[in-house]
Amino acid sequence: MNTKRICLVVDDSSAIRRVMAGFFRDLGFDVAEAATGLHAIEYCEWHTPEIIMLDWNMPVMDGISCLRVLRALDMPKRPAVVMCTTESQIAKIQEALAAGADEYIMKPFSRDVLLDKLAQLGLA
Amino acid sequence: MNAADFSYIAALLRERSGLIVTPDKIYLFETRLLPIARKHKIASLDGLIAQMRARKCEALIGEVVDAMTTNETSFFRDRHPFEAMKKTVLPGLIERRAAQKHLRIWSAACSTGQEAYSLAMMLRDDFPALAAWRIEIVGTDISPSVVARAKEGAFSTFEVQRGLPIHSLVKHFEQVGEQWRIKPELRRMVDFRLFNLLGSLAPLGQFDVVLCRNVLIYFDLPTKARVLDAIHRQLARDGALILGGAESVFGISDRYGDVAGLRGVYSPAPAAGRAMALPPLRAAV
């Protein structure tokens with residue numbers, strides 16, 4: 001049985017997914033990728049990631065809608081959700097926190113920022 | 001850079017700020033001083049130093065000292081000193097100051113103010129009963145530009161993402177264009193002053209906690225001893241000194257004792273250190 005921790009990277013940019021996936025693999029995570037919010041939901045119906053890195057603006061289903069559905073899903077363990085987006089208005093941040101985001105990263109960001117946020121969540 | 005120029009600028013920095021620059025740190029001159037040279041339309045580092053030597057221009061020298069002494073900082077930097085403050089140092093002090101209801105904390109070499117503001121946020125969030133106390137957080141730095149920035153309390157998106165939980169950002173900052181500014185009620189808790197650690201510390205008064213992190217590492221041994229002794233005179237006997245991860249009092253000053261279980265936290269009363277520092281753990285008041 002695979003006991004590695006899973007990180008789900010949800011972003012419509014394949015470049016961002018690639019960078020983020022490399023970062024989490026270096027930290028010892030298994031990484032799954034989704035290009036839309038809908039794909040992320042489908043994935044979470046069958047798997048329980050420990051952390052989800054979630055973009056806001058994506059086709060088909062955006063990040064905030066995805067987050068609301070995710071938080072309503074019956075999952076064995078509540079994944080930590082980090083919104084990771086170019087949206088930097090305080091109202092958007094408040095909206096994401098209200099919908100159940102645990103952390104929020106404004107793009108562009110550095111590797112140090114990501115490490116800081118994971119440390120705050122007790123994941124690194 | 002030739003040997004004479006290096007000696008000149010090293011002596012100048014040491015005299016003005018206590019900063020020790022060894023030849024292996026010459027690269028710092030390039031990264032930090034070339035922008036100043038460019039600003040003054042001087043072509044090279046050698047040219048900049050020649051100007052400083054020839055004209056003895058105080059404004060230019062001030063800019064150079066400023067650039068060389070400005071150090072990296074972030075909100076809740078290193079985390080563990082803040083945990084030590086929250087779990088042990090502050091609960092003990094709050095118990096012992098219950099009658100006076102007054103606490104003074106000094107963030108020495110505060111740079112752009114992140115440490116002082118982090119303390120203010122922690123006091124507000126984790127010790128709500130202190131709202132009825134007189135709390136003074138004093139931040140000092142030798143650099144006029146960073147003290148001005150600290151007072152302004154405005155930070156870039158990049159700066160607020162380092163070390164600061166998103167809930168704290170939303171709670172304690174307001175968004176002003178591209179910047180994030182600490183809310184006025186938190187800014188009022190902190191008093192930033194231009195101050196040289198190598199001068200007399202008496203005007204600052206007495207403190208319950210002094211945070212002097214990642215400062216001593218830049219000083220030579222006699223200067224470290226002098227600063228530690230001077231801080232000792234400003235520190236309440238049941239207070240605490242908090243140093244950076246690579247710093248210690250031991251072998252430098254015998255006026256302090258360690259505090260069991262707390263890395264980087266020192267008691268100004270060596271013998272009493274262990275007894276004073278660890279009151280029973282209790283929930284924040």
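Assorted remarks:
- Unmet requirement for B:Thr112, which otherwise passes all of (1) in a loop (DSSP other than H, G, I, E, B); (2) modelled with pLDDT of 95 or more: (2)
- Top-ranked residue in region A:77-106 [being open to solvent by 10 Å² or more (accessible area, probe 1.4 Å) and in contact (Cβ under 8 Å) with a residue 24 or more places away in the chain; ranked as farthest from the other protein chains (Cβ to nearest Cβ)]: A:Lys77
- Qualifying residue in region A:63-76 (condition: assigned to a strand (DSSP E or B), hydrophobic (A, V, I, L, M, F, W, C) and more than 10 Å from chain B (Cβ to nearest Cβ)): no
- The condition of being touching a Ser or Thr at 6+ places or on another chain (Cβ under 7 Å), modelled with pLDDT of 95 or more and buried (at least 21 other Cβ atoms within 10 Å of the Cβ) does not hold for B:Gly153.
- Sole residue being under 30 Å from B:His172 (Cα atoms), charged (D, E, K, R) and open to solvent by 10 Å² or more (accessible area, probe 1.4 Å), chosen from A:Arg17, A:Arg71, A:Arg25: A:Arg71
- Test result for B:Val138, within 15 Å of B:Met189 (Cα to Cα), in contact with a helix residue (DSSP H, G or I) (Cβ under 8 Å, 6 or more places away or on another chain) and touching a residue at least 24 places away in the same chain (Cβ under 8 Å): yes
- Qualifying residue in region A:108-115 (condition: open to solvent by less than 20 Å² (accessible area, probe 1.4 Å), touching a strand residue (DSSP E or B) at 6+ places or on another chain (Cβ under 8 Å), within 13 Å of another protein chain (Cβ to nearest Cβ) and not in a helix (DSSP H, G or I)): no
- Those residues of region A:8-23 which are closer than 19 Å to A:Asp62 by Cβ, in contact with a Cys (Cβ under 9 Å, 6 or more places away or on another chain) and assigned to a helix (DSSP H, G or I), in sequence order: A:Ile16, A:Met20
- Residue within region B:122-130 that is of a type outside the set (Ser, Thr, Tyr), surrounded by 23 or more Cβ atoms within 10 Å (Cβ to Cβ) and either away from chain A (no Cβ under 14 Å) or assigned to a helix (DSSP H, G or I) (or both) present: yes
- When restricted to residues that are at pLDDT 95 or above, closer than 18 Å to A:Ile6 by Cβ and outside any strand (DSSP E or B), region A:26-44 contains 9.
- Taking the criterion of being within 17 Å of the chain's Cα centre (by Cα) and surrounded by 23 or more Cβ atoms within 10 Å (Cβ to Cβ), the only residue of region B:156-172 that qualifies is B:Gly163.
- Under the condition of being open to solvent by less than 30 Å² (accessible area, probe 1.4 Å) and either of a type in the set (D, E, K, R) or without any contact (Cβ under 8 Å) to a residue 40 or more places away in the chain (or both), the residues counted in region B:70-79 number 0.
- The single residue among A:Ala119, A:Ala40 that is within 11 Å of the chain's Cα centre (by Cα) and either within 14 Å of chain B (Cβ to nearest Cβ) or closer than 11 Å to A:Leu8 by Cβ (or both) turns out to be A:Ala40.
- Residue in region B:78-98 that is in contact with a helix residue (DSSP H, G or I) (Cβ under 8 Å, 6 or more places away or on another chain), closer than 30 Å to B:Trp133 by Cβ and modelled with pLDDT under 90 present: yes
- Failed criterion for B:Ala67 (all others in (1) free of Cβ contacts under 8 Å to residues at least 40 places away in the same chain; (2) under 29 Å from B:Gly244 (Cα atoms); (3) open to solvent by 30 Å² or more (accessible area, probe 1.4 Å); (4) touching a helix residue (DSSP H, G or I) at 6+ places or on another chain (Cβ under 9 Å) hold): (3)
One line per residue, one yes/no per condition, for (1) open to solvent by 80 Å² or more (accessible area, probe 1.4 Å); (2) in a helix (DSSP H, G or I):
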residue: B:Met1; (1), (2): no, no
residue: B:Ile9; (1), (2): no, yes
residue: B:Arg14; (1), (2): yes, yes
residue: B:Ile49; (1), (2): no, yes
residue: B:Arg53; (1), (2): yes, yes
residue: B:Ile61; (1), (2): no, yes
residue: B:Phe82; (1), (2): no, yes
residue: B:Gly92; (1), (2): no, yes
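- Of the strands (runs of 3 or more DSSP E) lying entirely inside region B:154-268, those containing at least 3 residues that are within 22 Å of B:Ile137 (Cα to Cα), away from every other protein chain (no Cβ under 14 Å) and in contact (Cβ under 8 Å) with a residue 12 or more places away in the chain span B:190-194, B:207-212, B:235-243, B:262-267.
The values are calculated or read from the model by the stated rules, or taken from the named source; none is laboratory data. What you see is a predicted model; the values in this text were computed from it and never measured. Using ideal geometry, Cβ is built from the backbone for each residue, glycine included, and neighbour counts are taken over all protein chains shown. Calculation scope for accessible area: heavy atoms of the full protein, side chains included, ligands and nucleic acids excluded. Shrake-Rupley method; radii C 1.70, N 1.55, O 1.52, S 1.80 Å.
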